[in-house]
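Enquirer: Questions regarding the structure given below will be posed in turn.
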Amino acid sequence: MTSSGLAPRRDGAAALRLLRDGELTVEGRLVDASNTTLRGILTLGGATARCVYKPVRGERPLWDFPDGTLAGREVAAYLVSAATGWDLVPPTVLREGPFGPGSCQLWIDEPPDAEPLVAFVPADALPPRWFPVAAARDDEGTPYALAHADDPRLARLAVFDAVINNADRKGGHVLRGPDDRIYGVDHGVSFHVEEKLRTVLWGWAGRPLPDDAVETLDRLARQVAGPLGDELAEHLTLGEVTELAARIDRLRTGGGFPQPPQDWPAVPWPPL
């Protein structure tokens, strides 16, 4: 459960009402974030929930994302996630807050005993059914591997990231919810018209897409060509919506997970 008692999948409509209409009180700032990221409490009637509020005025200008806002891309990522039916992104809206308009996303509380799905592990002790992604060494020179679990929930997230062209899928952006689901967060640098996929989830690179992913992409392509595309155009440029449709088509036609790029860093820094 989340701190509100609202499970994002089961109570999505209630969560969206609370996010849109609830009174938002800021609790504090998440200091590790590169842009202003605030944790708040929403209250509506007898319902309460924690949220992540990212005001537009706290966004740092990015030379390669000159159009739109990071907050709008956060909302667009949620809309695409909801359209897939995979519910990989917590409910997210664009709303007014104490520091102006911004994205507001339901906070996900990870269970204290949740095991990470992405981690640095000793190079000679890779867990069973884990994929190595990159080699590393600690300060003493001991070899480690950046690796992730061969988990179908992560595979769906890897497909989703390829769809939205996520330029910043760190391990810390993968959360395990108390309902045994996984969630991806921090999608402000996504949907670029140029290929910018940067992720720690390269374990399936070049492998065939799961059957359910192919079916989902077929359905998503029809939705982007219809009302979903119009809804996304409120947060993205026309070129970004057009390229989103093209990426979906390329994934459907190719039938496989993308390969790491050769002309830009394939893994974000820091990776976790």
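Enquirer: So what's the stretch 149-201 giving for Cα Rg divided by 2.2 N^0.38 Å, two decimals?
Expert: It is 1.10.
Enquirer: Ok, one more. Could you list the square roots of 5 times each eigenvalue of the Cα gyration tensor of the stretch 16-126, that is, the equivalent ellipsoid semi-axes, sorted largest first and rounded to whole Å?
Expert: Details: eigenvalues 133, 77, 50 Å².
Whole-Å semi-axes of the equivalent ellipsoid: 26, 20, 16.
Enquirer: Next up: What FRET efficiency do you get for Ala125 and Arg29 if R0 is 45 Å and r is their Cβ-Cβ distance, rounded to the nearest 0.05?
Expert: Numbers: r = 37 Å, r/R0 = 0.83.
The value I calculate is 0.75.
Enquirer: So, one more: Calculate the dipole size of the chain relative to its Cα centre from +1 charges on Lys and Arg beta carbons and -1 charges on Asp and Glu beta carbons; express the result in debye to the nearest 20. Show your work: numbers first, answer last.
Expert: On the way: 28 positive and 39 negative charges, 60 e Å.
That gives the chain a dipole magnitude of about 280 debye.
Enquirer: If you add up the charges near Gly72, with Lys and Arg at +1 and Asp and Glu at -1, over every other residue whose beta carbon is less than 13 angstrom from its beta carbon, what do you get? Mind dumping the intermediate values first?
Expert: Working: positive: Lys54, Arg73, Arg95; negative: Glu59, Asp67, Glu74, Glu231, Glu234, Glu240.
After counting each charged neighbour, the total is -3.
Enquirer: Further, regarding this structure: Two decimals, Cα atoms only, Kirkwood Rh: what is Rg/Rh over the stretch 79-131? Spell out each step's value before the answer.
Expert: Numbers: Rg = 17.4 Å, Rh = 14.9 Å.
Rg/Rh: 1.17.
Enquirer: Per Stokes-Einstein, at 20 °C and 1.002 mPa s, what whole-number D in µm² s⁻¹ belongs to the chain, with the Kirkwood radius over Cα pairs as the hydrodynamic radius? List each step's numbers first, then the result.
Expert: Values: Rh = 19.2 Å.
Diffusion coefficient, whole number: 112 µm²/s.
Enquirer: Once you have the Kirkwood Rh of the stretch 74-198 from its Cα pairs, apply Stokes-Einstein at 25 °C and 0.890 mPa s and quote D in µm²/s. Intermediate results must be reported in sequence, preceding the final value.
Expert: Numbers: Rh = 16.0 Å.
Approximately 154 µm²/s, per Stokes-Einstein.
Enquirer: For the chain, set up a GNM with springs between Cα atoms under 10 Å and report which of Asp211, Asp168, Asp113 has the largest fluctuation.
Expert: Sorting by GNM fluctuation, first place goes to Asp113.
Enquirer: Could you calculate, for the stretch 175-219, the ratio of the Cα radius of gyration to the Kirkwood radius, expressed as Rg to Rh? Mind showing how you got there, number by number?
Expert: On the way: Rg = 13.5 Å, Rh = 13.5 Å.
Reported Rg/Rh (Cα atoms, Kirkwood Rh): 1.00.
Enquirer: Using only DSSP helix segments of four residues or longer, with each worth -39500 (n - 2.57), what per-residue ellipticity at 222 nm results for the chain after dividing by its residue count and rounding to 500?
Expert: Values: 6 runs with 75 residues, N = 272.
The helix contribution divided over the chain gives -8500 deg cm²/dmol.
Enquirer: When the gyration tensor of the stretch 10-80 is built from Cα positions, what are the square roots of 5 times its three eigenvalues, in whole Å, from largest to smallest? Write down the numbers at each step before the final one.
Expert: Values: eigenvalues 121, 50, 16 Å².
Three semi-axes, in Å: 25, 16, 9.
Enquirer: Jot down the per residue volume, in cubic angstrom and as a whole number, of the convex hull over the alpha-carbon atoms of the stretch 143-272. Display every interim value, and only then the final one.
Expert: Values: hull volume 16.5 nm³, N = 130.
Enclosed volume per residue, from the Cα hull, is 127 Å³.
We did not get these values from a lab; they are worked out from the coordinates using the rules stated. These numbers were taken from a predicted model, which means no experiment stands behind them. For neighbour counting, all protein chains shown are included, and Cβ atoms are generated from backbone atoms with ideal geometry for every residue, glycine included.
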